[in-house]
């Protein structure tokens, strides 16, 4: 079983896990600050302070409406985090149900589910989300659903291979002989063994979700203004890249930090699991 | 006295890749003469393979610290240059490993792999000469169609043939020392015998010295003139094989020798059954299992997306009975269908025809590999409680009480309850497996090679546990094995399987003493069980 430790299996220091944890904690602390008390109102405009540079009053400057970029970045990061978490939750749940059924029962169920899965998998997830958003409209919750559904196939694939691996093992045969039904075997006997692999793919999925949300919002179909989101801010900053290049710095660095933190964490966890 | 070939003195091997350095071999001394066969015996973790790898110059990771001397023909292999060492490897010193499956490159043809060391050590040889020597080496290793085999890939050969290929590759440059690291452990008894005979012939005809590493003392006794017994990284006893076997000095050696199941057909069987001398409970006349005309199939998917599934018959029209409280052995080589039959009886393979009658309900099963038969995600106590939960015992106190009783019955320390399977030894795990199988109080236990993955001294413990449980609980056991010596000690009746058929069946005494089946005779011979009329 997975036990948390900053050391890899061979006893060497797991620097991925350490760095990932430090960065992620930093990001989460900033987001928490945004929730509890952002320095400025994220929607308060001040036309006299448009595109102010970095200063002690506005540490990441202000945007085209004179709003404080730092406040908008830490609040926007929370929006992004919510969307990413919702996306991963939907993708994971859907993937678990489909992958477990396909992997455990095999045969026709496997063939049908996996072919549907492959078809979905063939579209890039952002493109799939685009289709869903254009059908159901934009907005934070629709983006969560759109991305969540688009993320199901990759989780399903991973869960299926894990269930397939354990299905034939002796301890499952033993449980079956003792009278365990299919649901119990899947939920109690196989599922806990997939946790280490699930954990690292959740972290990787989280990453992709952050990037996908930023992408969708950048395209203008994700989070709607004036609600701040990192992708949205980046897309707005692009219009002023020549005149006010510093605007892009804040949201850009925040996305980098979030993705870097989670991917290092994911890398660290998989190193810990696989040795 | 012949000429000294190998002189190892004060060899110490220490691993430094963990926090605390771990010494796996201590003060190892070995003197080998030209053309001598020396046995190196010990259980897993005793350091025997490490010593051999060091002699072959294969322990070169820098976390491994080696001190001492390994003089091969006067050159110190531990302290010479890499180039010098390489000039010996594969040429004067060759090694054959345990697992013929993984020690051959799966994507290279046999011929290329066998001639590899000639390419390295004799680059001046012509293609034709190399080819000739390669074919000769294959035929010397007893492969019937060398030219054909040379063109094949490893997966096209059987385990025994692959091991012959390994030996051919090791022998191609006429080494003076052949290190054989458990070369027969992964093979069936009949094949095992052939490989031993091949090693003996190589030694006799070419004068190659052989360092034979094994955990099987009876094998070492038959093949080697001298033997070294290793325990916890130290050589604890050494001498002529016959002397060590007849008068072992050390307790550990005595224990090892005692763990070889004794088979003496000249006296009543109970004398040999120190596993547990008590006889089985009197037969009740009722059957715990009766199988009639059973055929078992496997399906394999055809090629391509729309490939039709194909049914292959693995077990053909087999009939057998297991009486209540009786131990029936099902013996056969790997691939004979014995495990397939067992899984069908347990209800794990629904693809069968014929009848399986189980008057006392579902049987339980103990599997071969204790490392794969316990769910790694749960503690031992949880694993033992699960069968009760599944049987509808909802009272937590009741479950705890019954688990405690079971742990006592199978001699598991109570403190192990909170551990995970990965924290247990192989023998402890197998006790948990047996305990878990017995929680629902089945009347029939199917044990599929329950000891073959364990060290010999542990095997004895597990077998005596099985025997005791059978007696105390009146349990019927279908005991699947390839080891006729174990069967002699443990079982009441025996059925012998070959190619999906039962070729011989009867009381153990009857079969061992009087069976007329050719195949049974071959198996007995391979296990070195000799009848009076044949002596």
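Bear in mind that the values in this text are calculations on the coordinates, not laboratory data. What you see is a predicted model, and the numbers here were worked out from it, not measured in a lab. As a convention, Cβ positions derive from the backbone with ideal geometry for all residues, glycine included, and neighbour counts pool all protein chains shown.
Can you give the FRET efficiency to the nearest 0.05 for residue B:7 and residue B:262, using r as the Cβ-Cβ distance and R₀ = 41 Å? The partial results should precede the final answer.
Working: r = 37 Å, r/R0 = 0.90.
Here the calculated transfer efficiency is 0.65.
Tell me, what is the FRET efficiency for residue B:471 and residue B:312 to the nearest 0.05, using R0 = 41 angstrom and their Cβ-Cβ distance as r? Intermediate values should be presented prior to the final figure.
Values: r = 40 Å, r/R0 = 0.96.
So, using R0 = 41 Å, E works out to roughly 0.55.
What angle do you read, to the nearest 10 degrees and between 0 and 90, between the alpha-carbon axis of helix A:69-105 and the longest principal axis of chain A?
It is inclined by approximately 10 degrees.
Sorted by average packing, counted as other Cβ atoms within 10 angstrom per residue and highest first, what order do B:480-492, B:346-358 take? Present the calculation step by step, with values, prior to reporting the outcome.
Values: B:480-492: 23.2, B:346-358: 15.2.
The packing order, highest mean first, is B:480-492, B:346-358.
When the label point is put 7 Å from the Cα of residue B:528 along its Cα-to-beta-carbon vector, which residues of the range B:189-216 have a backbone N closer than 19 Å?
Output list for this probe position: B:189-204, B:210-216.
For chain A, with a Gaussian network of springs between Cα atoms less than 10 Å apart, report the residue from A:95, A:66, A:103 with the top mean-square fluctuation.
A:66
Using a simple spin-label model with points 7 Å from Cα along the Cα→Cβ vector, what separation in nm is obtained for residue B:250 and residue A:134?
Those two pseudo-labels are separated by 7.8 nm.
Please give the average number of partner chain Cβ atoms lying within 10 Å of the Cβ of each residue in A:182-192, rounded to a whole number.
For peptide A:182-192, the averaged partner shielding equals 2.
How much of the DSSP beta bridge set in the range B:110-250 is antiparallel, as a percent to the nearest 5? List each step's numbers first, then the result.
Numbers: 6 of 11 bridges.
Bridges in the range B:110-250 are about 55 percent antiparallel.
Tell me, in nm to one decimal, what length is gained between residue B:457 and residue B:516 on full extension, where the rule is 0.36 nm per residue of separation less the Cα-Cα distance? Each step should come with its number before you reach the end.
Numbers: separation 59, 0.36 × 59 = 21.24 nm, distance 3.34 nm.
The residue B:457-residue B:516 span can extend by a further 17.9 nm.
So if I average 1/r over every pair of distinct C-alpha atoms in the protein assembly as shown and take the inverse, what Kirkwood radius in Å does that give? Let's see the in-between values first.
On the way: mean 1/r = 0.0317 Å⁻¹.
Evaluated on the protein assembly as shown, it is 31.5 Å.
Can you sort A:59, A:256, A:190 by how many other beta carbons sit within 10 Å, fewest first?
Numbers: A:59 14, A:256 11, A:190 25.
By the 10 Å Cβ count, ascending: A:256, A:59, A:190.
Residue by residue through A:162-175, how many Cβ atoms from other chains fall within 10 Å of the Cβ on average?
Numbers: counts 0, 0, 0, 0, 1, 0, 1, 7, 14, 12, 3, 7, 15, 6.
Neighbouring Cβ atoms belonging to other protein chains average 5 per residue here.
When DSSP beta bridges are limited to those with both residues in chain B, what percentage is antiparallel, rounded to the nearest 5?
Numbers: 46 of 83 bridges.
So the antiparallel bridges amount to about 55 percent of the total.
Taking the Cα-to-Cβ direction at residue B:14 and at residue A:109 and moving 7 Å from each Cα, how far apart do the two end points lie in nm?
Going from the residue B:14 label point to the residue A:109 one covers 5.7 nm.
Highest GNM mean-square fluctuation, chain A, Cα pairs closer than 10 Å: which of A:90, A:116, A:23?
Of A:90, A:116, A:23, the Gaussian network model singles out A:116 as fluctuating most.
List the relative contact order of chain A as a percent without decimals, with contacts defined as Cα pairs under 8 Å and 6+ residues apart. Don't skip to the answer; put the middle values down first.
Working: 431 pairs, mean separation 80.8, N = 275.
Rounded, it is 29 percent for chain A.
Once both axes come from the Cα atoms, what is the angle between helix B:189-206 and the longest principal axis of chain B, in degrees from 0 to 90, rounded to 10?
That helix lies at roughly 10 degrees to the long axis.
Would you mind checking the tilt of helix A:107-122 against the longest principal axis of the Cα atoms of chain A, expressed as 0 to 90 degrees and rounded to 10?
With rounding to tens, the tilt is 20 degrees.
Counting only helical runs of four or more DSSP H residues, what would the 222 nm mean residue ellipticity of chain B come to if each run contributes -39,500 (n - 2.57) and the total is spread over all its residues? Please report the intermediate quantities before stating the final value.
On the way: 18 runs with 186 residues, N = 535.
Dividing the helical sum by the residues of chain B leaves -10500 deg cm²/dmol.
Can you tell me, using C-alpha contacts under 8 Å and at least 6 residues apart, the relative contact order of the range A:132-275 as a whole percent?
Values: 116 pairs, mean separation 37.8, N = 144.
Normalised by residue count, the contact order of the range A:132-275 is 26 percent.
What is the fewest-to-most order of B:401, B:69, A:271 by other Cβ atoms lying within 10 Å of their Cβ?
On the way: B:401 11, B:69 14, A:271 18.
Placing the least packed residue first, the sequence is B:401, B:69, A:271.
At a Förster radius of 51 Å, what calculated FRET efficiency corresponds to the Cβ-Cβ distance of residue B:419 and residue B:125, to the nearest 0.05? Please report the intermediate quantities before stating the final value.
Numbers: r = 58 Å, r/R0 = 1.13.
Result of the calculation: an efficiency of 0.30.
So which residue, out of A:48, A:154, A:229, gets the largest mean-square fluctuation from a GNM of chain A using Cα contacts under 10 Å as springs?
Looking only at A:48, A:154, A:229, the biggest GNM fluctuation is shown by A:48.
Counting other C-beta atoms within 10 Å, which of A:27, B:229 has the fewest, and how do the rest follow? List each step's numbers first, then the result.
Numbers: A:27 20, B:229 26.
Ascending Cβ contact count within 10 Å gives the list A:27, B:229.
Per residue of B:374-385, what is the mean number of Cβ atoms on other protein chains within 10 angstrom of that residue's Cβ?
Working: counts 4, 12, 5, 12, 6, 1, 0, 0, 1, 3, 0, 0.
Mean partner shielding for this stretch: 4.
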